Amino acid sequence: MDDLVMIGPMLASVGEALEKNFTVHKYWEADDKDAFLASQKDTRFVATASGCSGDIMRAMPALKLVASFGVGYDSVDVETAKERGIKVTNTPDVLSDAVAELTLGLMLSLCRRIVASDKYVRDGKWLADGNYPLTSELTGATVGILGLGRIGKEIAARCQAFKMRVVYHGRTEQRFSPFPYYADLEEMAKDVDWLVAVVPGGAGTAGLVNRKVMNALGPKGSLVNLGRGSLIDEPVMIEMLKSGELGAAALDVFAEEPKMSEELWAMDNVVLTPHSASATDKTRWGMGDLVVRNLLAHQSGNPLITPVV
Ligand code: NAP
Ligand code: 8YV
């Protein structure tokens, strides 16, 4: 059987399928990483849910394919892969519905204060203090989608079902999109009630949602981040949420996750989830299946199903 290096633990269904088809070597279990990599000079396959560095690629001269679990591949050193002729695959599309679904869940939680009002009931305050304060709704509001890609489009469709007006920003206008395009993110932020960020991470998008953009969104605006923590200037966001310069935030991803400023935990204008937008049984199974099918395709000389490079 061909050898394969697994960088970190993966979903059980992926592990089982890989064990059937490859001799699996577990990088994360090795005490001496250099010695481990030195023993993998002839290994052609890597499977990972936690990225793959250029150093690992350089230490594996026979490496031909890095199959990554997740659509975002910012933690895979794609430049080094390209230089070395290593193919990289990801898991697009199969997760778009689940991510869009959680996005709407977060938006509803935020504007209808579902999490806070659940706590209100459990704390016995309904009985003691009377009705919970009035909230706001999605109906009639404008949402600006930062990144109208595969997931962005699914979010847009769901926002329309909630009778919202949808606009978007990306680097390029999508010619046949039914939604108004903003070439400038700050201009879009001025005009919307909700800013939903769902662009890839990496150097090109780091800090895209900066003070100016959050200022434009303003005290009545809500920021939702499903993309990557690196998209937002997090310290500035926290400062603006505290001061009321930014209305509210719903966050699934964080710059240093799972770490984050505990200041966020105390804010009731914030809803937090643990990078779980794709974390359903069905979707994670589909993502894992795609990882395995890409590896098997390459192993048998067939075209990759979802290549990045
Ligand atoms: P996609 O189809 O490639 O869409 C990405 C969109 O981002 C495109 O519309 C692109 O439009 C836009 N974009 C890229 N760079 C940009 C920039 N510098 N400025 C403005 N817009 C930019 O990707 P997808 O499948 O929708 O996934 C998007 C991202 O969501 C992933 O890369 C990942 O980081 C994140 N994600 C998170 C979770 C989670 O669990 N929270 C799950 C899945 C995915 P232009 O090319 O026109 O700029
Ligand atoms: C996963 C994601 O949680 O697909 C992505 O880009 O962020 C998520 O679906 C992650 O990739 C799991 O490793």
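Within segment 295-309, take every residue that is open to solvent by 70 Å² or more (accessible area, probe 1.4 Å) and either under 23 Å from the mean Cα position of the chain (by Cα) or of a type in the set (A, V, I, L, M, F, W, C) (or both) and give me the one that is nearest to LYS64 (Cα to Cα). Show your work before the answer.
Filtering segment 295-309 down to residues open to solvent by 70 Å² or more (accessible area, probe 1.4 Å) leaves 300, 302-303, 305, 307.
Filter once more, keeping what is either under 23 Å from the mean Cα position of the chain (by Cα) or of a type in the set (A, V, I, L, M, F, W, C) (or both): 305, 307.
On the way: ILE305: 15, PRO307: 12 Å.
Among those residues, the one meeting the criterion is PRO307.
If you scan segment 197-220, which residues turn out to be within 15 Å of ligand 2 (Cβ to nearest atom) and touching a residue at least 60 places away in the same chain (Cβ under 8 Å)? Lay out the reasoning, then the answer.
In the first step, residues of segment 197-220 are kept if they are within 15 Å of ligand 2 (Cβ to nearest atom); the result is 197-202, 205.
Hits for segment 197-220 are VAL198, PRO200, GLY201, GLY202.
Can you run down the residue pairs with Cβ atoms below 7 Å, 6 or more apart or on separate chains, where the first is in segment 262-281 and modelled with pLDDT under 95 and the partner is not hydroxyl-bearing (Ser, Thr, Tyr)?
If the second residue must be not hydroxyl-bearing (Ser, Thr, Tyr), the pairs left are ASP268/ALA116.
Kindly indicate whether VAL115 is under 24 Å from GLY149 (Cα atoms) and touching a helix residue (DSSP H, G or I) at 6+ places or on another chain (Cβ under 8 Å). So that I can check it myself, show each step before the final result.
Details: under 24 Å from GLY149 (Cα atoms): no; touching a helix residue (DSSP H, G or I) at 6+ places or on another chain (Cβ under 8 Å): yes.
No, not satisfied.
If you take the residues of segment 242-296 that are of a type in the set (Phe, Trp, Tyr) and assigned by TED's automatic domain parsing to the domain that holds ASN210, which of them is nearest to ligand 2 (Cβ to nearest atom)?
Among those that are of a type in the set (Phe, Trp, Tyr) and assigned by TED's automatic domain parsing to the domain that holds ASN210, it is PHE254.
Output the qualifying pairs, or none if there are none: Cβ atoms under 9 angstrom, residues six or more apart or on different chains, first residue in segment 86-115 and closer than 11 Å to GLU154 by Cβ, second residue away from ligand 1 (no atom under 16 Å from the Cβ) and among the aliphatic types (A, V, I, L, M).
Going by the 9 Å Cβ cut-off, the qualifying pairs are LEU104/LEU138; LEU104/ALA161.
Report yes if some residue within segment 238-248 is under 30 Å from LYS64 (Cα atoms) and of a type in the set (A, V, I, L, M); otherwise report no.
Taking segment 238-248 first, the residues under 30 Å from LYS64 (Cα atoms) are none.
Checked segment 238-248: no residue is under 30 Å from LYS64 (Cα atoms) and of a type in the set (A, V, I, L, M).
Give the number of residues within segment 269-289 that are open to solvent by 60 Å² or more (accessible area, probe 1.4 Å) and within 11 Å of the chain's Cα centre (by Cα).
Residues that pass the stated criteria total 2.
The values are calculated or read from the model by the stated rules, or taken from the named source; none is laboratory data. Please read these numbers as outputs of a predicted model, since none were measured by experiment. Note: ideal-geometry Cβ built from the backbone for every residue, glycine included; neighbour counts use all protein chains shown. These accessible areas exclude ligands, DNA and RNA; they are computed on the full protein's heavy atoms, side chains included. Shrake-Rupley method; radii C 1.70, N 1.55, O 1.52, S 1.80 Å.
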